[in-house]
1. Whole-Hz Karplus ³J(HN,Hα) for the range 49-64, in order, using 6.51 cos²θ - 1.76 cosθ + 1.60 and θ = phi - 60°, x for Gly and Pro?
2. Could you work out the relative contact order of the chain? I mean the mean sequence separation of Cα pairs under 8 Å and 6+ apart, divided by the number of residues, in percent.
3. Suppose the chain between SER88 and SER505 were pulled fully straight at 0.36 nm per residue; how much longer would it get relative to their current alpha carbon spacing?
4. Given the pairs LYS41/LYS140; LYS110/LYS180; LYS41/LYS242, which are separated by over 19 angstrom at their Cα positions?
5. Can you list, bin by bin at 5 Å, the percent of alpha carbon pairs in the range 1-123, starting at 0?
6. Give me a comma-separated list of calculated 3J(HN,Hα) values for the range 450-458, in order, Karplus coefficients 6.51, -1.76, 1.60 applied at θ = phi - 60°, integers in Hz, x for any Gly or Pro.
7. What Kirkwood hydrodynamic radius do you get for the range 64-131 when you take the inverse of the mean 1/r over all pairs of distinct Cα atoms, in Å?
8. Would you tally the net charge around THR471, using a Cβ to Cβ cut-off of less than 12 Å, leaving THR471 out, and scoring K and R as +1, D and E as -1?
Amino acid sequence: QFPFGRRLPCDIYWHGVSFHDNDIFSGQVNKFPGMTEMVRKITLSRAVRTMQDLFPLEYNFYPRSWILPEEFPLFVDEVRMMKDSDPSWKPTFIVKPDGGCQGDGIYLIKDPSDIRLTGSIQSRPAVVQEYICKPLLVDKLKFDIRLYVLLKSLEPLEIYIAKDGLSRFCTEPYQEPTLKNLHQVFMHLTNYSLNIHSGNFIHSDNVNTGSKRTFSSILCRLSSRGADVKKLWSDIISLVIKTIIALTPELKVYYQSDIPAGKPGPTCFQILGFDILLMKNLKPMLLEVNANPSMRIEHEQELSPGVFENVPSPVDEEVKVAVIRDTLRLVDPQKKKRKDVQPHVESCKNKVNVRCNCVLWYRCQTLEEASEAKEDAREAGAGDGGERGGSRSPEAGLPSLCLKQVFPKYAKQFSYLRLVDRVAALFIRFLGVKGTTKLGPTGFRTFIRNCKLSNSNFSMASVDILYIDITRRWNSMGIDHKESGMCLQAFVEAFFCLAQKKYKSLPLHEQVSSLIDFCEYHLAALDEKRLVCGRG
Ligand code: ADP
């Protein structure tokens with residue numbers, strides 16, 4: 001800590017809250033600009049909804065959600081329509097205040113009209129979501145999973161997932177929601193911060209029992225019951241990749257605004273906490289993403305009334321220490337310089353070093369992946385001290401990496417989903433003034449003109465009307481009133497509108513993809529022409 005400031009630049013800056021904690025011009029920062037805003041409940045729901053519009057089947061891992069207060073009438077209508085078409089449907093909904101955390105302000109309802117009774121929607125924006133009534137239970141208790149994900153780079157996209165996570169348990173046996181039990185938070189909400197206050201909370205002195213356990217201990221149990229744990233992991237990996245794909249377009253807009261290309265600036269990485277609920281049929285559902293997941297490895301214990309002491313928590317330590325250690329290993333600025341010093345490994349010694357949770361992970365893998373596990377171990381220089389030609393690797397003796405790369409490793413399977421990323425690239429190109437995140441009317445007109453999108457059926461006057469209509473609506477519900485102009489989500493809506501107009505009969509994702517190709521083609525031709533003119 002440098003309370004009086006520090007003149008020399010650092011390799012790595014570890015900020016407590018956000019990218020903006022300090023002014024940084026070099027090195028690496030552990031936060032991306034805009035991440036805190038992106039993972040708020042409303043913004044995340046919007047970003048996932050855009051992807052659900054394009055790819056409904058691929059994005060069915062996020063509960064149906066409505067944004068309050070503006071979508072309240074839509075919520076009422078849609079629920080009425082669904083009830084009419086299926087009278088046996090008896091849903092429950094969960095209302096979560098935007099920007100809330102630790103279960104703060106969350107409540108369950110059976111009917112949309114209950115929201116008004118509870119009040120406060122005008123004062124506090126929130127997300128109302130379909131409640132998952134049939135979660136997987138262990139020891140009759142509901143639990144959720146906290147998984148740690150490292151977003152190592154945005155461009156190119158690099159994602160790592162920790163091989164183990166935490167399972168956080170409720171403290172009252174679960175019953176499907178009824179009007180009588182809706183208010184029982186210890187039965188329905190898995191937040192540690194709430195359940196710690198229940199008399200039934202059990203601090204674990206090992207990783208397999210108590211109210212907080214390792215996820216690997218749950219997987220072991222499921223596997224012994226014959227569950228397909230390998231499929232579960234693969235579903236979780238795909239949920240994580242798809243969620244990050246939903247977040248990247250807007251993150252790129254924030255990134256170029258805070259770290260303009262061509263100017264000195266840091267690079268970023270970030271550890272994210274993914275909260276996932278398993279349904280009874282083992283389908284993982286995304287609850288939320290945390291930009292500042294707690295890295296505490298201790299918990300408070302009341303020694304005598306009112307006297308508290310911090311005591312180590314073995315479960316947190318097991319999972320979190322490995323995540324931080326391996327994040328630092330992966331972003332290590334010295335690593336590149338040591339490229340030629342290749343640590344080598346005796347695989348048998350490595351096997352001894354691998355901990356129980358990793359053994360489970362490896363057992364879950366296909367042959368192809370098992371060979372990679374060895375690669376991971378080799379990379380980590382586990383086991384033999386990593387000596388070669390007399391030079392000792394600094395990673396010698398460390399356990400194998402707990403963070404597993406999933407992107408670009410599985411990029412091929414997911415690249416077709418990255419349509420909004422390409423729309424964002426168009427948006428950023430026309431933003432013009434560096435440092436802005438909103439497109440002015442001139443920028444929008446230039447986009448239409450350069451991409452040759454206006455014609456006799458779609459005049460420049462209609463372009464202006466489209467711009468004004470959509471921008472006004474987004475700005476009236478937006479949280480950010482600092483800048484005027486069209487935000488990325490508004491541009492995406494306008495782009496979808498144009499795509500639907502131009503390619504009428506196709507499914508939405510094909511309309512959008514065709515329009516992107518069309519725009520990219522015309523912009524490439526324009527660039528080529530400018531290059532030739534420049535040369536001339
Ligand atoms: P917070 O940020 O306040 O913790 P979450 O979205 O994580 O808000 O919700 C708190 C808890 O509520 C979750 O840990 C989970 O146990 C429960 N929960 C949230 N959404 C749902 C849902 N759609 N279905 C079932 N349970 C949910």
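All of the numbers you see were taken from the coordinates with simple rules; none came from a lab. Since we're looking at a predicted model, the values are computed, not measured. Glycine also receives a Cβ, built like all others from the backbone with ideal geometry; neighbour counts cover every protein chain displayed.
1. Working through the residues one at a time gives 4, 4, 6, 5, 5, 7, 10, x, 6, 5, 10, 8, 9, 10, x, 4 Hz.
2. Working: 815 pairs, mean separation 74.9, N = 536.
Reported as a whole number, the value is 14 percent.
3. Details: separation 417, 0.36 × 417 = 150.12 nm, distance 3.46 nm.
Gain on stretching SER88 to SER505: 146.7 nm.
4. Working: LYS41/LYS140 29 Å; LYS110/LYS180 11 Å; LYS41/LYS242 17 Å.
Cα-Cα > 19 Å for LYS41/LYS140; rest within.
5. All Cα pairs considered, the percentages come to 2, 8, 14, 16, 15, 12, 9, 7, 6, 5, 3, 2, 1, 0.
6. With coefficients 6.51, -1.76 and 1.60, one gets 5, 8, 6, 9, 9, 7, 5, 7, 9 Hz.
7. Working: mean 1/r = 0.0819 Å⁻¹.
Here the Kirkwood hydrodynamic radius works out to 12.2 Å.
8. Values: positive: LYS438, ARG472, ARG473; negative: ASP464, ASP469, GLU483, GLU493.
Computed value for this residue: -1.
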